[in-house]
Structure formats: structure tokens, C-alpha cells
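Colleague: The structure is given below, and queries will be raised subsequently.
The values are calculated or read from the model by the stated rules, or taken from the named source; none is laboratory data. It should be emphasised that the depicted structure is a prediction, and the values quoted were computed from it without experimental measurement. Note: ideal-geometry Cβ built from the backbone for every residue, glycine included; neighbour counts use all protein chains shown. Remember, those area values only see protein heavy atoms, side chains included, never the ligands or the DNA or RNA. Shrake-Rupley method; radii C 1.70, N 1.55, O 1.52, S 1.80 Å.
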Amino acid sequence: MSIIKKLFVKTYGCQMNMYDSDRMIDLLKPLGYQLSDTPENADMIILNTCHIREKAEHKLYSDIGRLEPYKEAKAAKGEYMILAVAGCVAQAEGEEISRRKPVVDMVFGPQSYHKLPEMIAQAHRTLSKNGKPSVLDVDFPTESKFDSLPAPNPDHKGSAFLSVQEGCDKFCTFCVVPYTRGSEFSRPVADILKEAKHLVSIGVKEITLLGQNVTAYHGVGLDDKEWSMGRLLFAMAEVPGLERIRYTTSHPQDMHKELYTAHKDIPHLMPYFHLPVQSGSDKILKAMNRKHTAAEYRDIIYKLREIRPDIALSSDFIVGFPDETDQDFEDTLQLVRDIKYVQAYSFKYSMRPGTPAALIHSQVNEDIKDNRLQILQELLREQQLEFNISMVGKQTTVLLEKEGRHPGQLIGKSPFLQSVYLEAPKRLLGQIVTVEIEGGTQNSLAGKMVTQEHIHYA
Ligand code: SAH
Ligand code: SF4
Ligand code: F3S
């Protein structure tokens with residue numbers, strides 16, 4: 001019988017990192033590691049990090065500081081806690097991390113975590129030899145990590161992520177992703193369908209296909225030819241028992257014809273689309289190397305709305321990119337007013353070492369960035385509230401995902417990715433039910449279950 005070991009994982013950053021964390025947990029299960037929700041007394045801690053903005057990086061170092069006492073307490077009992085830093089900071093900073101924080105034992109990047117069992121064995125070897133494990137692996141290996149990962153077994157059975165594409169060749173001038181995740185890679189369609197069918201077989205009803213640039217997907221298809229994202233969506237639509245399909249993150253430059261057709265013809269492709277625009281100013285878009293204009297972005301949205309009038313839109317924005325003037329910012333506000341988003345992420349520009357935008361001299365002053373962010377977020381909040389209130393009195397389907405804080409309360413997601421609170425028996429977790437919406441705030445909806453029935457598409 002193997003000895004049970006305690007594993008604590010903290011995930012920062014995007015959904016790709018969430019997917020990777022789940023896969024690391026799956027990889028470590030056969031080694032006897034059981035997930036724990038506290039770092040106390042853990043045998044292994046993995047911090048799966050994000051490098052996208054300076055704040056995310058600071059958070060890592062302050063978290064390491066907070067974890068040190070746990071490691072000391074474990075050492076006082078004569079036991080060793082392995083502290084690993086994974087993900088995008090690990091990729092970007094490599095051994096600098098363990099130099100700066102010697103309590104860190106392992107550093108490995110997003111493309112090498114499939115080697116975790118080997119790396120842990122190596123850590124134990126160096127531990128018994130030198131009294132301190134030391135492992136560094138920030139390679140971009142030629143083999144695909146996906147070929148060595150076990151079948152996924154997510155804890156939340158209702159909805160799951162499935163990574164189909166990784167990396168980025170777009171090199172937006174503000175962004176670290178092409179450096180931390182490497183160049184674009186698409187998984188073969190057959191592998192994706194196999195993983196999707198497995199997920200459905202363990203009770204998953206909704207799959208979100210993930211990629212840093214998911215619309216640039218160009219994997220080997222079932223006919224050995226290259227398939228686009230649109231084509232992959234049509235293949236996903238045929239997976240029996242899969243009731244909801246989503247995908248993220250899209251790029252305006254890759255909006256090909258089959259994607260529009262998919263939104264028109266696949267009823268269970270959810271009517272929600274996240275299309276980051278970053279800025280409404282052509283001057284700034286050009287300086288960001290986004291390769292499209294604000295008018296081209298508007299055209300994509302109008303075309304999507306023509307095809308699927310109920311489609312809900314979401315986006316990412318950066319305020320205070322170098323050289324952004326009041327007029328550039330006003331162009332962003334105007335684009336938001338014209339499009340109307342149901343949800344959005346907005347950030348102050350954060351200078352990232354090694355990216356071209358960090359070299360531009362005319363950086364925007366921090367107070368101006370703060371002010372612009374506040375104005376933009378206020379507008380986005382108003383739009384989100386307006387959309388949520390417009391749902392009151394309507395019926396919608398909800399995939400029940402978790403228990404709420406009040407007894408008898410469950411929380412689920414509408415097709416438009418809104419959180420919906422309702423009373424329902426716990427046995428319905430992971431199921432899709434029909435709900436009448438009775439109230440809406442900026443962040444969520446409240447409703448009552450009308451029926452446990454809904455239309456099955458697949
Ligand atoms: N691939 C996606 C986004 C990946 S990063 C795309 O092309 O849109 C997620 C978001 O983080 C970006 O859309 C952007 O809004 C934000 N972001 C990236 N780098 C940033 C930086 N240096 N400062 C502030 N926000 C940044
Ligand atoms: Fe970053 Fe641009 Fe690539 Fe998105 S498309 S990951 S913002 S470089
Ligand atoms: Fe962050 Fe890496 Fe994702 S930098 S946003 S965790 S790809």
C-alpha cells in the first residue's frame with residue numbers, strides 16, 4: 001500500500017493554468033499525493049504561477065514568504081515539504097527564483113510538467129544526497145506534454161476545461177505569453193475528441209476548449225489534413241452526451257468563416273463570446289501589434305450578432321498603454337458604448353521586462369491609468385448590470401456547479417456565463433435545469449427552478 005502524501009496547489013492566472021494544475025494533480029495521484037485545501041503539513045506545494053502583469057509576480061514572492069513557516073514547522077518534525085514553482089513565472093525567471101528564495105526546491109515551466117514524477121524522484125535523490133532538493137526544468141521539449149498525461153479526472157464534474165491549443169506567435173508588444181508558453185501548438189483532433197468523450201463518460205456536461213489563441217487552432221484533423229477551430233467545433237458538436245460547448249480565448253485576426261457558421265448551426269455552442277480588443281484607438285492597436293483596426297473589430301461583432309442575435313459579448317481591455325492620450329481612451333469608451341458588453345476584464349498597462357512596449361519612453365503616469373481604469377470599469381459595470389436585469393422574468397437553462405452558502409442553495413451558470421443562485425436539491429449538481437430568473441445584480445442572478453427538464457442537443 002502506498003503512503004498517502006499531502007499535496008497543496010495554488011493556481012494563479014488564466015484558465016490554461018487551471019487546466020495545467022488539474023493535470024498535475026492527476027499526474028501525482030498515482031504517486032499517492034492527495035489534494036488538500038491547506039498548505040499546513042503538506043508534503044508538496046505547487047505554486048502554478050502567472051507572469052502577465054507585475055502584480056501577479058509580486059504575489060508569488062509574498063506567497064512564498066507566507067509559506068516558509070509551514071515548511072519550517074514540517075522540518076521541526078523531521079519531515080520535508082517540497083516547494084515547487086511552476087507556470088509562467090517559472091518559465092520566465094528560471095533559476096533566479098530559487099536564488100532569490102532558496103526555500104524553493106523545484107522550478108519548472110508550463111511545457112515540462114508532464115515530467116513531474118521524474119522530477120520528484122530527482123528531488124528526493126538530491127534531498128538524500130545534499131539535504132536539499134534542487135530541480136530546474138524550463139525547457140520547451142520537442143515531445144508534446146499531452147502525449148504523456150493521464151486521462152483527466154476533474155473534481156467538478158459538471159463543467160471541464162480541455163486544452164486544445166497552446167502558445168502564441170502573435171507577439172503583441174505588451175505581452176509575455178509568447179515567451180512563457182512558447183510558439184503555437186495545436187493538439188490533433190483525434191486526441192481532443194478522445195479526451196472530450198472521456199470527460200462526458202465521467203459526467204461532464206459542458207466543455208470549454210482552451211487556447212491562448214484558440215481561434216488560431218490548426219491541428220491535424222481526422223482526415224490527416226489541417227482543421228480550423230470552426231471545423232473542430234463541428235466535430236465537438238457530434239460528441240454524444242456533451243450538452244454545452246464553449247471556447248476561449250479568441251483573437252480578432254483569426255475570425256474565419258467556419259467560426260461564424262459554427263455559431264449559426266451548432267445549437268449547443270453557447271451564445272457567449274470572449275473577444276479581447278484591448279483598445280478602441282487605431283493608433284494604440286497598431287502600437288500593440290494587434291493587426292486589426294477598431295472598425296474591423298466592430299464588423300466582426302456586427303456579423304456575429306446578425307448570425308446569432310442573442311450572443312453575449314465579453315472582452316479584455318488595457319488602459320494606459322504607452323502614448324495613450326485622452327482621445328485614445330475616449331475611443332475605447334466609445335467602442336464599449338457602441339458594442340455593449342455583458343462582462344469584461346480591464347487592466348492597467350503593466351510594463352513587462354523583455355517586451356517591446358517596455359522600451360517605449362512615453363509611459364503613462366500611474367494616476368492617469370488609475371483614473372482611466374475607474375471610468376472604464378464603471379461603464380462596464382453599468383452594462384453588466386443592465387444585461388443581468390434584462391434577464392429578469394425570462395427562463396434560461398442553468399448548469400448546476402456547486403453549493404451556495406445557504407443551506408439548500410446551489411449555484412450554476414447560464415448559457416451567458418452568468419452565475420445563477422437557486423434552491424435545488426444537491427443531487428442535481430452537475431445537471432442542467434430550467435430556471436426562471438427573478439432578480440439580477442451586477443454579478444449574479446437569482447431564480448427558481450421551473451423544471452429539471454431541458455432540451456438535449458447531443
Ligand atoms: N491571448 C489573449 C489574452 C492573453 S493575456 C488575447 O490575445 O487577447 C489576457 C489579458 O491580459 C490580455 O487580453 C490583456 O488584456 C491582459 N494583458 C496582457 N499583458 C498585459 C500587460 N503587460 N499589462 C496589462 N494587461 C495585460
Ligand atoms: Fe499575448 Fe497577444 Fe498572444 Fe494574446 S495574442 S497571448 S495578448 S501576444
Ligand atoms: Fe498568466 Fe501564463 Fe496564463 S502568464 S495569463 S498564466 S499563459
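Colleague: Kindly check whether there is at least one residue in the stretch 6-27 that is in contact (Cβ under 8 Å) with a residue 60 or more places away in the chain, within 14 Å of ligand 1 (Cβ to nearest atom) and over 19 Å from residue 146 (Cα atoms).
Modeller: For the stretch 6-27, residues in contact (Cβ under 8 Å) with a residue 60 or more places away in the chain, within 14 Å of ligand 1 (Cβ to nearest atom) and over 19 Å from residue 146 (Cα atoms): present.
Colleague: Still on this model: Residue check, residue 354 against (1) more than 23 Å from the chain's Cα centre (by Cα); (2) closer than 17 Å to residue 290 by Cβ; (3) within 16 Å of ligand 3 (Cβ to nearest atom), all met but one. Which one?
Modeller: (2)
Colleague: While we're looking at this one, here's another question. Do we have residue 184 as within 16 Å of ligand 2 (Cβ to nearest atom) and either at pLDDT below 95 or among the acidic types (Asp, Glu) (or both) here?
Modeller: Values: within 16 Å of ligand 2 (Cβ to nearest atom): yes; either at pLDDT below 95 or among the acidic types (Asp, Glu) (or both): yes.
Yes; evaluated as a whole, the condition is true for this residue.
Colleague: Return the only residue of 438, 382 being acidic (Asp, Glu) and touching a residue at least 24 places away in the same chain (Cβ under 8 Å).
Modeller: None of the others qualify; the one that does is 438.
Colleague: Let me ask something else about it. Out of all the residues in the stretch 302-318, which are touching a residue at least 24 places away in the same chain (Cβ under 8 Å) and either charged (D, E, K, R) or in contact with a strand residue (DSSP E or B) (Cβ under 6 Å, 6 or more places away or on another chain) (or both)? First the steps, then the outcome.
Modeller: Within the stretch 302-318, the first condition is being touching a residue at least 24 places away in the same chain (Cβ under 8 Å), and the residues that meet it are 303-304, 307-308, 310-318.
Result: 303, 308, 310, 311, 312, 313, 314, 315, 316, 317, 318.
Colleague: For the subset of the stretch 133-160 comprising residues that are closer than 30 Å to residue 96 by Cα and small (Gly, Ala, Ser), which member is most open to solvent (accessible area, probe 1.4 Å)?
Modeller: 134
Colleague: Now for a separate question. Could you tell me which of the residues 414, 419, 346 is surrounded by 14 or more Cβ atoms within 10 Å (Cβ to Cβ), within 16 Å of ligand 3 (Cβ to nearest atom) and under 30 Å from residue 301 (Cα atoms)?
Modeller: 346
Here is a yes/no grid of residues against (1) open to solvent by 10 Å² or more (accessible area, probe 1.4 Å); (2) among the hydrophobic types (A, V, I, L, M, F, W, C); (3) more than 16 Å from ligand 2 (Cβ to nearest atom); (4) at pLDDT below 95:
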residue: 3; (1), (2), (3), (4): yes, yes, yes, yes
residue: 9; (1), (2), (3), (4): yes, yes, yes, no
residue: 21; (1), (2), (3), (4): no, no, yes, no
residue: 45; (1), (2), (3), (4): no, yes, yes, no
residue: 48; (1), (2), (3), (4): no, no, yes, no
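Here is a yes/no grid of residues against (1) closer than 24 Å to residue 236 by Cα; (2) open to solvent by 10 Å² or more (accessible area, probe 1.4 Å); (3) within 15 Å of ligand 1 (Cβ to nearest atom); (4) modelled with pLDDT under 95:
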{"position": "266", "(1), (2), (3), (4)": "yes, no, no, no"}
{"position": "269", "(1), (2), (3), (4)": "yes, no, no, no"}
{"position": "279", "(1), (2), (3), (4)": "no, no, yes, no"}
{"position": "283", "(1), (2), (3), (4)": "no, yes, no, no"}
{"position": "286", "(1), (2), (3), (4)": "no, yes, no, no"}
{"position": "291", "(1), (2), (3), (4)": "no, yes, yes, no"}
{"position": "295", "(1), (2), (3), (4)": "no, yes, no, no"}
{"position": "298", "(1), (2), (3), (4)": "no, yes, no, no"}
{"position": "306", "(1), (2), (3), (4)": "yes, yes, no, no"}
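Colleague: Next question. Inside the stretch 61-89, can you point out the residues that are within 16 Å of ligand 1 (Cβ to nearest atom) and either on the phi < 0 side of the Ramachandran plot or not assigned by TED's automatic domain parsing to the domain that holds residue 19 (or both)?
Modeller: Keep residues of the stretch 61-89 that are within 16 Å of ligand 1 (Cβ to nearest atom), which gives 87-89.
Listed by number, the residues that qualify are 88, 89.
Colleague: Where residues in the stretch 219-258 are assigned to a strand (DSSP E or B) and under 30 Å from residue 400 (Cβ atoms), which of them is nearest to the chain's Cα centre (by Cα)?
Modeller: Ranking the qualifying residues of the stretch 219-258, first place goes to 248.
Colleague: Say we look at the stretch 315-339 and pick out the residues that are away from ligand 3 (no atom under 16 Å from the Cβ) and not in a helix (DSSP H, G or I); which of these is surrounded by the fewest Cβ atoms within 10 Å (Cβ to Cβ)?
Modeller: Per the criteria, the residue is 325.
Colleague: If you check every pair at least six apart or on different chains, which have Cβ atoms under 6 Å apart with a residue in the stretch 178-197 that is polar (S, T, N, Q) first and a residue that is open to solvent by 10 Å² or more (accessible area, probe 1.4 Å) second?
Modeller: Listed by first residue and then by second, the contacts come to 180/51; 180/88; 180/91; 180/92; 183/169; 186/218.
Colleague: In addition: Sort out which residues of the stretch 179-201 are in a loop (DSSP other than H, G, I, E, B) and open to solvent by 50 Å² or more (accessible area, probe 1.4 Å), and write them in order of number. Give the steps one after another, and end with the answer.
Modeller: Going through the stretch 179-201, the residues in a loop (DSSP other than H, G, I, E, B) turn out to be 181-184, 187-188.
Of everything in the stretch 179-201, just one residue is in a loop (DSSP other than H, G, I, E, B) and open to solvent by 50 Å² or more (accessible area, probe 1.4 Å), namely 183.
Colleague: Could you list all residues from the stretch 173-201 that are touching a helix residue (DSSP H, G or I) at 6+ places or on another chain (Cβ under 8 Å), more than 16 Å from ligand 1 (Cβ to nearest atom) and under 17 Å from residue 16 (Cα atoms)?
Modeller: Passing the criteria: 187, 192, 196.
Colleague: So residue 99 passes all but one of these: (1) within 28 Å of residue 153 (Cβ to Cβ); (2) open to solvent by 60 Å² or more (accessible area, probe 1.4 Å); (3) of a type in the set (D, E, K, R). Which condition number does it fail?
Modeller: Here residue 99 meets the rest and fails (1).
Matching residues to (1) under 18 Å from the mean Cα position of the chain (by Cα); (2) under 24 Å from residue 118 (Cα atoms); (3) outside the structural domain of residue 210 (by TED's automatic domain parsing); (4) in a helix (DSSP H, G or I):
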position: 9; (1), (2), (3), (4): yes, yes, yes, no
position: 21; (1), (2), (3), (4): yes, yes, yes, yes
position: 42; (1), (2), (3), (4): no, yes, yes, no
position: 45; (1), (2), (3), (4): no, yes, yes, no
position: 52; (1), (2), (3), (4): yes, no, yes, no
position: 56; (1), (2), (3), (4): yes, no, yes, yes
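Colleague: Looking only at helices (runs of 4 or more DSSP H) that fall completely inside the stretch 76-163, which ones have 1 or more residues that are among the basic types (Lys, Arg) and modelled with pLDDT under 95?
Modeller: Values: elements: 87-93, 96-100, 116-130.
The qualifying helices (runs of 4 or more DSSP H) are 96-100, 116-130.
Colleague: Which number in (1) farther than 18 Å from residue 353 by Cβ; (2) of a type outside the set (Phe, Trp, Tyr); (3) surrounded by fewer than 24 Cβ atoms within 10 Å (Cβ to Cβ) marks the one condition that residue 86 misses?
Modeller: Evaluating residue 86 over (1) farther than 18 Å from residue 353 by Cβ; (2) of a type outside the set (Phe, Trp, Tyr); (3) surrounded by fewer than 24 Cβ atoms within 10 Å (Cβ to Cβ) leaves (3) as the failure.
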